[in-house]
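In what follows, a structure is listed as structure tokens, so that the remarks can point back to it.
The values are calculated or read from the model by the stated rules, or taken from the named source; none is laboratory data. Keep in mind that what you see is a predicted model, and the values were worked out from it rather than measured. Positions of Cβ are backbone-derived with ideal geometry, glycine not excepted, and every protein chain shown enters the neighbour counts. Note: areas computed on protein heavy atoms with side chains; ligands, DNA, RNA excluded. Shrake-Rupley method; radii C 1.70, N 1.55, O 1.52, S 1.80 Å.
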Amino acid sequence: MEVAAFLAGRAASVVVIGHSQVPFARVLGDVVGKMLMKLFIEKGVDFYNNNSVKELVGTDGVLSKVVLKDGQELEADVCVIGVGVTPSTDFLSESGLELNSTKHLCVDKHMRTNNEDVYAGGDIVVFPLFLCENSPVNIQHWQMSHQHGRIAALNMVGKVTEIQSVPFFWTTMFGKSVRYTGYAVDFDDVIVQGDIDEQKFVAYFTKENRVLAVASMNFDPIVSQAAEAMSSGQMITKSQVTSDDHKCWIASAKL
């Protein structure tokens, strides 16, 4: 999506092809995802949702069209494919180091593997995230990888330290910055406060009465405040963010 935002207005046409009905829905929910899709459409980007690429057609290595799963054909000079990543850990299969079912390397709160002399971090690891009762998670963002390296280094030199970093990421598209903190892979509701049509809002991702993550656009510094609250161990509740003063948790956090 960032590539599409950069190319919009520079290329003759820009098309986004996605598996889901709404972009970003898995992370940001339908309401925020639809707002972002509307922003892209207003900038001239077309969407082919609930679809995928079946075939790339060209001559002598030069692309001429993209064939979609549903049979539609799109003329194209360039195709940028975001396919995700698979951890390159096959070389560790006989090392004795513990790998999970997705071939991620398992580490503890000190970024140590099951071999006490081997530490690991970054995209290839699953580590205990304190926000979700130390369940093992894989987070592919440089902010968390940076913390992995720091915690591993401290423990290597005998300064026993557990990782307790709150995930935080951001992206900018068409000059609009979306900020996000927390970890919400299984939220059951999204509470939006502010004016989403004016692209000035905060979204709370909740499960039952607990806020798992917070995202915003043009609502600084609320996401940073949420990250600080989560880091201190404070639980932000759905009851708080649906009250008349949805920011009342900030006062209780004493930030």
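Rolling a 1.4 Å probe across the protein heavy atoms gives region 1-150 an accessible surface of 62 Å² per residue. Relative contact order for the chain: 11 percent, from Cα pairs under 8 Å spaced at least 6 residues apart, divided by residue count.
Listed values [x] 92, 70, 30; [y] 59, 57, 29; [z] 63, 51, 35 include one computed from this model; for Cα extents along the principal axes in Å that value carries the label [y]. With R₀ set to 30 Å, the beta-carbon distance separating T161 from C132 gives a calculated FRET efficiency near 0.90. The GNM of the chain, with springs linking C-alpha atoms under 10 angstrom apart, assigns the highest mean-square fluctuation among S101, S224, S135 to S101. Taking the accessible area of the chain, probe 1.4 Å, and keeping the other protein chains in place, the carbon and sulfur fraction comes to 49%.
When the helices of the chain are scored as -39500 (n - 2.57) per DSSP H run of n ≥ 4 and the total is divided over every residue, the value at 222 nm lands at -7000 deg cm²/dmol. From the square roots a ≥ b ≥ c of the eigenvalues of the alpha-carbon gyration tensor of region 146-214, which class results: rounded (a/c under 1.5), prolate (a/b over b/c), or oblate? Note, shape of region 146-214 comes out oblate. The alpha-carbon of K200 sits under 27 angstrom from the alpha-carbons of these lysines, leaving out residues fewer than 8 places away in its chain: K34, K38, K43, K176, K238, K247, K254.
With one equal scatterer per alpha carbon and no solvent term, the Debye-computed log10 I(q)/I(0) for region 70-138 at 0.16 1/Å reads -0.61. In terms of its C-alpha gyration tensor, region 1-151 has a prolate overall shape, because the principal axis ratio a/c (a ≥ b ≥ c, square roots of the eigenvalues) is not below 1.5 and a/b outweighs b/c. Quick check: Cα centre of region 182-255 to Cα centre of region 2-66, how many Å? So the separation of the two Cα centres works out to 29 Å. At a temperature of 37 °C and a viscosity of 0.692 mPa s, determine how fast region 93-190 diffuses translationally according to Stokes-Einstein, using the Kirkwood radius over alpha-carbon pairs as Rh; express D in µm²/s, rounded to the nearest whole number. So the translational diffusion coefficient is about 225 µm²/s.
Rg and Dmax of region 141-255, both derived from C-alpha coordinates alone, stand at 15.5, 52 Å. Among A215, A153, A226, the largest mean-square fluctuation in a Gaussian network model of the chain (Cα springs under 10 Å) belongs to A153.
In plain terms, the chain from W170 to L39 could stretch by 45.4 nm, reckoned as 0.36 nm per residue minus the Cα-Cα distance.
Each label was represented as a point 7 Å from its Cα along the Cα-to-Cβ direction; for D189 and L7 these points are 4.0 nm apart. Working ranking of peptides 48-60, 111-123, 1-13 by packing, defined as the average number of other Cβ atoms within 10 Å per residue, highest first, is 111-123, 1-13, 48-60.
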